[in-house]
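Worksheet: the structure to be examined is printed underneath.
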Amino acid sequence: MNLVVLACLLLVLTQHGFEALLLALQNRHQERLRAAMPEHLQGLLSAQEYAKALDYNADKNRLALAGEAVDLLGVLILLALAWSGPLASWLALAGRHGLAGLALFVLLPLLALSALDWPLDYMRQFRVEARHGFNKSTPGLWLVDQLKSLALAAGLGFLVIWALLALARALGPAWWVWGFAFLAGFQVVLMLAWPRWIMPLFNRFSPLPEGVLKQQLLALAGRTGFEISGLFVMDSSKRSSHANAFFTGFGRFRRIVLFDTLTAQLTAEQTTAVLAHEIGHSKHGHTLKGLGLSLAGALAFAFAAHWLSLRSAGPGGPAEGLAWALLALAVLGPSLLFWVSPLSAALSRRWEYQADAYACQACGSGQALRQALACLNQNSLGNPVPHPLLVAFHYSHPPLPERLRRLPG
Ligand SMILES: [Zn+2]
């Protein structure tokens, strides 16, 4: 047991240590480049915008470093509880209250870990984002958001954990195949339910009003044979001035959602180019491939939980063993998965380039997309000089200068 705890400790310390190193590298990198803006950014940013973007990212990095420390502290407390015994006695106690008790044994520590992030999240919104002019939220709205998210995580988390434990209790070691089928079905249902029932808990969606923008977007959808069931504007400006757009669902259930901050910052042509980029993701099958990858993830998760539960089965039955395994995977899995994030981030950046290329082709030139990307990046103070190692591990989208360089026209 002590050896296992030691291995877990090493895993967690290596990951958080490496994350801290990445942030330190980034800080040194950007402070070194602060005095003189690199040549490839000339014409893209003014000296003043460059300095503002560096200040914002330095503040964000400082908070991210504090976040690493808080996360590490939470995991260390859990490891100490596992090592010194209380966690095992809580499991025995939970087991006496049936599957619901066992599900709470897994869920409560995870909710406690996520609540540890609240103070930093508050600071992110009301110190950093506010200082740089992005915050539009209020402490009251922030608190309601946190409580809703917590209730949602508790409800969905309890349902999933309880179902997996019930399968293990009913089926024994063969549970994991059915566990995978359940997780796969749950993911698909969640994907369809998210925009319809869950996102409206946080935001209001209104149909895009008639006008030039709607005409241009519908014309693009028609031209590219992209079926949509609705065009919506989301009131994201009540929290933040950062802008975005996305689509959800498949086939004729597809909905396009534009942040109201996006339509406020971009012209109709530029917004159309952003939609063309989103259509590019769909045409290249990125949505389906992404779903395929997350189903593969669910399969790996179910098997890992099965494998671990066989090794941690104590005096309790298969459900008790699985409760241990689920908690361990949820807490330690991210530290393990972190090391494959360069692969997933590289794949995601590759998809962004493909969607950009599609958008240029669909719009007849890259000009509108170029303007849109530059404007959005500038308004959101994107990091102008990310360190290559930070990009490799954390950037799902290519840094702006490289992205613009690859655009034709
Ligand atoms: Zn994209």
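Bear in mind that the values in this text are calculations on the coordinates, not laboratory data. Keep in mind it's a predicted model, so treat the numbers as computed, not measured. Neighbour counts run over all protein chains shown; Cβ positions are idealised from the backbone, glycine included.
Observations, loosely collected:
- Where only C-alpha atoms are counted, convex hull volume of segment 9-113 per residue in Å³: 127
- Separation of alpha-carbon centers, segment 139-217 and segment 42-67, rounded to whole Å: 34
- Listed by chain and number, the aspartates and glutamates whose C-alpha is less than 18 Å from the C-alpha of Lys214, apart from same-chain residues fewer than 8 away, are Glu227, Asp235, Asp260, Glu269, Glu278.
- Using 0.36 nm per residue and subtracting the Cα-Cα separation, the extra length available between Leu337 and Ser294 on full extension is 14.2 nm.
- Charge dipole of the chain about the Cα centre (unit charges at C-beta), most positive-ward option of Leu183, Asn27, Ile256: Ile256
- Here Lys136 is the anchor, and the lysines within straight C-alpha reach of less than 21 Å, apart from those fewer than 8 places off in the same chain, are Lys52, Lys60, Lys148, Lys238.
- Distance between segment 78-129 and segment 242-291 - C-alpha centres, whole angstrom: 36
- Placing unit charges on the Cβ atoms only, positive for Lys and Arg and negative for Asp and Glu, gives the chain a dipole magnitude near 420 debye about its Cα centre.
- Ranking Gln15, Ser312, Leu326 by Cα position along the charge dipole of the chain, where only Lys, Arg, Asp and Glu carry charges on their C-beta atoms, puts Leu326 farthest toward the positive end.
- Look at the dipole of segment 209-367 built from charges on Cβ: of Phe338, Gln354, Leu291, the Cα furthest out on the positive end belongs to Leu291.
- Linear extension gain, Phe126 paired with Asn2, 0.36 nm per residue minus alpha-carbon span: 40.4 nm
- The charge dipole of segment 188-257, taken about its Cα centre with unit charges on the Cβ atoms of Lys, Arg (+1), Asp and Glu (-1) only, comes to about 80 debye.
- Taking 7 Å steps out from each Cα toward its Cβ at Arg32 and Lys148 produces label points 4.5 nm apart.
- Dimensionless Rg/Rh of the chain - Kirkwood Rh, Rg from C-alpha atoms: 0.99
- Given charges at beta-carbon only (K, R positive; D, E negative), |dipole| of segment 1-96 in Debye: 180
- Share antiparallel - DSSP beta bridges, the chain, percent rounded to 5: 55
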